[in-house]
Each structure stands twice: as structure tokens, then as C-alpha cells.
Amino acid sequence: MNYQEAYEKLEKYGQLQVLKYYDELNGEEKEALLAQIEQTDFEVLSLCKKKETLNPRGKIEPIGVMQLPEIEKKRDEYTGTGLEAIRDGKVGAVLLAGGMGTRLGSDAPKGVYNIGLTKDVFIFQRLIENLMDVVNQAGAWIPLYVMTSDKNHDTTVRFFEEKNYFGYRADYVTFFMQDMAPACDYEGKVYLEAKNKMSTSPNGNGGWFLSMMKWGVTDKIRQAGVEWLNVFAVDNVLQRIADPCFVGATIATDSAVGAKVVAKNAPDEKVGAMCLEDGRPSIVEYYDMTPELMAAKNEQGGPAYHFGVILNYLFRVKDLEEIVARKLPLHIVEKKIPYLDEKGDLVKPEEPNGYKFEQLVLDMIHELDSCLPFEVVRNKEFAPIKNRTGIDSVESARALCEENGIIL
Ligand code: UTP
């Protein structure tokens, strides 16, 4: 793309501010900026204006959940089925580690954060330790696919290499990168993060399967015979990965996807709740929970939307292949976005100053015909680290680790 074409594209979308420093750039820098302009979808920026009406919800109703007493009765059977699938190489794990972790406030990838008190305990290390439990139980290695982004790929890969994969087999670990999306101010004007670079942000965790395809990882999966992918978040340090009982239950119920859920600790807790939406499995996000939904009761008189998702899903690969071409809703999220100020100096804001655009893995559930919400014991499996202190923080996660006998 040449300057004139870039100018016209930007003018069409009202984004000419991107060229503010163009004349100051050297040849290489100019080329980089023009290439970025060519690759960027500016259409999404116009969505800021219709933010409130972007994703209308359908009819929300309660969904059946496989709860702990039922799971306990069938634990041995499900575990046996799950272990068999793992031993047959049918189960892979996908670590979503492309996020920016802005709330934690560290510039490094979230997984390299050290939650140890008396020794090093990195978040990535905790996850690998959890996965190793299953590897040891099954006597078989589980392929691990790690999604990174442009912002943290090199640091993440280097960290795993330096730490010798925390004892995991390196040939079972594959890294791939997700796409980026422009980040803008509240008026929908894209920010610059350098004189020759627009501000970008990872485009959400919903594009993980498409990114795997782009990187040729799905070919590897097909060759290896992997039929199920357990997708999980980087920030839950008690995350059980490729949990044989969960795998077995999802297979036994012939579900297109299994979703681990926990009992919510309050009707307005900030987690998405499992539900049916227009008769299909779905997740109603906390900010869409109306007072009516919070007060709604199920047939037994309990809360109707009581089970929250913890970003741990087991997807059947063949179903993913069928839905991959479908467009997922786009979410506009308020974030702290680094930008160049009037003087051209980089500012890292303390408070949110604009929007980024994300597709979310939870929206994939609604595309699938069947889902098994599978309850797990909250204090044993859910210790998310979003913030430094307070709710869902390093502090709360440390306390939960200690409660579970994990030495930090
Ligand atoms: P969060 O929604 O907590 O986002 O991610 P985040 O970017 O990590 O953190 P904040 O909001 O800036 O503080 C949930 C999971 O999804 C992954 C994260 O790495 C985490 O495992 N994720 C999120 C991605 O892989 N890519 C993304 O673009 C966003």
C-alpha cells in the first residue's frame, strides 16, 4: 500500500490522525506504518457508536447442570473413560495466554508472574504442575498448545525455554499467536503507540481456533488424532487441565462441549452464568444479568442462574471445524491503552482511556448444539488472578493455594 492509498483508507474511516508523524519517519518506519494500515480493519472502530445495542440477547432460560452429587456417583466410570481418551492421544490442552493482564499491572506476560512466598512459583509453573498430575495419572503426555500475542510471544517462549518447560516435554508444547485489533479513544479514533505504529491489543480469546488454523496447528492436531481440546485461562492457578473425569463425562454425554462451572458466591458475582438462550446453550455475562435474572428461581426453588463459568471448556474438534467460519459477536471493552500524547511522548494511563475489540471464547458455546455444564468444587479449582489485591487477586489466589496444600 502506498501513501496515497493509505491516506484514502484512513480518510474513509475518519482516522487521518494516524499519519500525524509520517513526515518525521525514515523509509523503513514509513513502510511499517503503511503495512499496518493496510492490514487493519478500521470498520470495527465505528462499532463504538452503537456499543449499547451491539449484541442483543435472546430469550434466556435456565440450563441443566451436572452437579457434584451426580458426578460423585459416576466419578470412576467417567474417569476411566477420560483416561482412556488421554492414553489414546485424543485430548489436547490449549492455554490462552495472549491477554495483556492490564489489571494485574505487570508489563510481563501474566504467566511469568511469581506468586511464590518462600520460593519461586510462577503462574505458568503452577499450570504445568497441574497438567503433570494428569500426565502422571494417565502415564501419557498431553499435547499443550499455548496461544500468545504479538505483545508477549517472544517473552513467553523464552521463559518456557529458560525454565526448561518446568519439566514438561518440549516436543509436546506448541506456541501459536493470536491476531491483534486496533485500540481507540472513546470517540473511536485509533491511538498511536509509536510515531509509526497504531495502538493494538490482542483481539480477545474467541479467535483461538482460527489462529490455530492459521498457524497450521490444526493440521498437527488432525495428524496426531486429537479429538478434544481443553481450553483454559492462564490466570486460574488451581485450574485442573485435561481432568479425566470431566473429559469422560463430556464424552459419555456425547456433548459438543463441556464447560466447567462453579456455584456463584452471589447472584451478582462477576462471572458469566450458564443458561439457554433461544433454546441453545449459552452464557449470560454478569453485566447482562438483570435483577429479574438474578432473582429467578429454578423448579427446585433455588437460583436459576447459579452456575458460573471459569474459562475451562472441552471442545470436540469436529464440531469446532463446523462453526469456525461463523462470525462471533464483537465485544467492546474499556481498557488502559498506551498512547502518544500531544508532544509525541508515550503515556501509560493509570485509568481506562478507550476501547479495545474482542471476540470471546464463551460466545463459541452458543454456536454449538450441545453443552455439558459440569460442576466443580469452587475452592479446589477456581483461584483466578485478575488483580494484585482484593477479589480475584494474587492475595486471594495465594490463600486458596495454601488451603489446597500448595506450598508457595
Ligand atoms: P481476561 O479477560 O482476564 O483478559 O482474559 P486479560 O487481557 O488477560 O486481562 P485484563 O483484562 O487486561 O486485566 C482471560 C483469559 O483469556 C486470555 C487471557 O490470557 C486469559 O487467559 N486472553 C484474553 C487471550 O488469550 N487473548 C486475549 O485477547 C484476551
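Going by what's in this entry, would Val309 be described as closer than 30 Å to Cys184 by Cβ, at pLDDT below 95 and in contact with a Leu (Cβ under 8 Å, 6 or more places away or on another chain)? Walk me through it before giving the result.
Values: closer than 30 Å to Cys184 by Cβ: yes; at pLDDT below 95: no; in contact with a Leu (Cβ under 8 Å, 6 or more places away or on another chain): yes.
So Val309 does not fit the description; no.
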Query raised in the report: Here is a list of conditions, (1) touching a helix residue (DSSP H, G or I) at 6+ places or on another chain (Cβ under 8 Å); (2) buried (at least 17 other Cβ atoms within 10 Å of the Cβ); (3) within 30 Å of Ile221 (Cα to Cα), and Gly308 meets all of them except one; can you say which number that is?
Result: (1)
Report task. Write out, first by first residue and then by second, each pair whose Cβ atoms fall under 6 Å of each other, whose residues are 6+ apart or on separate chains, and whose first residue, in segment 375-398, is free of Cβ contacts under 8 Å to residues at least 60 places away in the same chain while the second is hydroxyl-bearing (Ser, Thr, Tyr) and within 16 Å of the ligand (Cβ to nearest atom). Result -> Glu395/Thr389
**Report entry** Considering residues of segment 107-139 that are free of Cβ contacts under 8 Å to residues at least 60 places away in the same chain and polar (S, T, N, Q) only, the residue nearest to Thr389 (Cα to Cα)
**Finding:** Asn114
**Report entry** Where a residue in segment 1-15 is under 19 Å from Glu31 (Cβ atoms) and its partner, wherever it lies, is assigned to a helix (DSSP H, G or I) and open to solvent by 80 Å² or more (accessible area, probe 1.4 Å), with Cβ under 7 Å and at least six apart
**Finding:** Met1/Glu38
Query raised in the report: Counting only residues that are aliphatic (A, V, I, L, M) and over 21 Å from Phe42 (Cα atoms), which one in segment 342-362 is surrounded by the most Cβ atoms within 10 Å (Cβ to Cβ)?
Result: Val361
Requested in this report: Within segment 69-100, track down each residue that is β-branched (Val, Ile, Thr), outside any helix (DSSP H, G or I) and away from the ligand (no atom under 16 Å from the Cβ).
Outcome: Val91
Requested in this report: Please tell me if Gly89 is surrounded by 22 or more Cβ atoms within 10 Å (Cβ to Cβ) and closer than 24 Å to Phe209 by Cα.
Outcome: no
Query raised in the report: Which ones in segment 143-161 are of a type outside the set (Ser, Thr, Tyr), within 13 Å of the ligand (Cβ to nearest atom) and at pLDDT 95 or above?
Result: Val146, Met147, Asn152, His153
Query raised in the report: When Thr118 is evaluated against the numbered criteria (1) more than 16 Å from the ligand (Cβ to nearest atom); (2) closer than 30 Å to Lys336 by Cα; (3) not acidic (Asp, Glu), which criterion, by number, is the only one it fails?
Result: (2)
Requested in this report: Could you tell me which of the residues Ile332, Ile406 is β-branched (Val, Ile, Thr), surrounded by 14 or more Cβ atoms within 10 Å (Cβ to Cβ), in a loop (DSSP other than H, G, I, E, B) and on the phi < 0 side of the Ramachandran plot?
Outcome: Ile406
Query raised in the report: Which ones in segment 3-50 are under 20 Å from Asp345 (Cα atoms) and either polar (S, T, N, Q) or not in a helix (DSSP H, G or I) (or both)?
Result: Gln15, Gln17, Lys20, Tyr21, Leu25, Asn26
Query raised in the report: Does Cys245 satisfy the condition of being more than 16 Å from the ligand (Cβ to nearest atom), at pLDDT 95 or above, open to solvent by less than 10 Å² (accessible area, probe 1.4 Å) and not in a helix (DSSP H, G or I)?
Result: no
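The rows are residues; the columns are (1) modelled with pLDDT of 90 or more; (2) open to solvent by 40 Å² or more (accessible area, probe 1.4 Å); (3) under 16 Å from the mean Cα position of the chain (by Cα).
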| position | (1), (2), (3) |
| --- | --- |
| Glu277 | yes, no, no |
| Ser282 | yes, no, no |
| Tyr286 | yes, yes, no |
| Glu292 | yes, yes, no |
| Leu314 | yes, no, yes |
Requested in this report: Take Gly111 and decide whether it is within 15 Å of the ligand (Cβ to nearest atom), open to solvent by less than 10 Å² (accessible area, probe 1.4 Å), assigned to a helix (DSSP H, G or I) and within 30 Å of Ala181 (Cα to Cα).
Outcome: yes
Report task. Kindly indicate whether any position in segment 146-158 is over 26 Å from Gln223 (Cβ atoms) and without any contact (Cβ under 8 Å) to a residue 40 or more places away in the chain. Result -> yes
Report summary line: All-but-one check, Met198 against (1) farther than 27 Å from Glu29 by Cα; (2) modelled with pLDDT of 95 or more; (3) surrounded by 21 or more Cβ atoms within 10 Å (Cβ to Cβ), failing number (1)
Query raised in the report: Restricting to segment 185-239, what's the tally of residues that are within 16 Å of the ligand (Cβ to nearest atom), part of a strand (DSSP E or B) and of a type in the set (D, E, K, R)?
Result: 1
Report task. Determine whether segment 352-366 contains at least one residue that is more than 17 Å from Tyr286 (Cα to Cα) and part of a loop (DSSP other than H, G, I, E, B). Result -> yes
Requested in this report: Please indicate, with yes or no, whether at least one residue in segment 368-384 is surrounded by 13 or more Cβ atoms within 10 Å (Cβ to Cβ), within 16 Å of the ligand (Cβ to nearest atom) and part of a loop (DSSP other than H, G, I, E, B).
Outcome: yes
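Could you list all residues from segment 166-175 that are surrounded by 12 or more Cβ atoms within 10 Å (Cβ to Cβ), in contact with a helix residue (DSSP H, G or I) (Cβ under 7 Å, 6 or more places away or on another chain) and either small (Gly, Ala, Ser) or assigned to a helix (DSSP H, G or I) (or both)? Can you show your working first?
Taking segment 166-175 and keeping what is surrounded by 12 or more Cβ atoms within 10 Å (Cβ to Cβ), we get 166, 168-169, 172-175.
Adding the requirement that they be in contact with a helix residue (DSSP H, G or I) (Cβ under 7 Å, 6 or more places away or on another chain) leaves 166, 168, 173-175.
Hit for segment 166-175 is Phe166, nothing else.
The values are calculated or read from the model by the stated rules, or taken from the named source; none is laboratory data. These numbers were taken from a predicted model, which means no experiment stands behind them. Positions of Cβ are generated from backbone atoms using ideal geometry, with glycine treated the same way; all protein chains shown enter the neighbour counts. Ligands, DNA and RNA are excluded from the accessible area calculation, which covers all protein heavy atoms including side chains. Shrake-Rupley method; radii C 1.70, N 1.55, O 1.52, S 1.80 Å.
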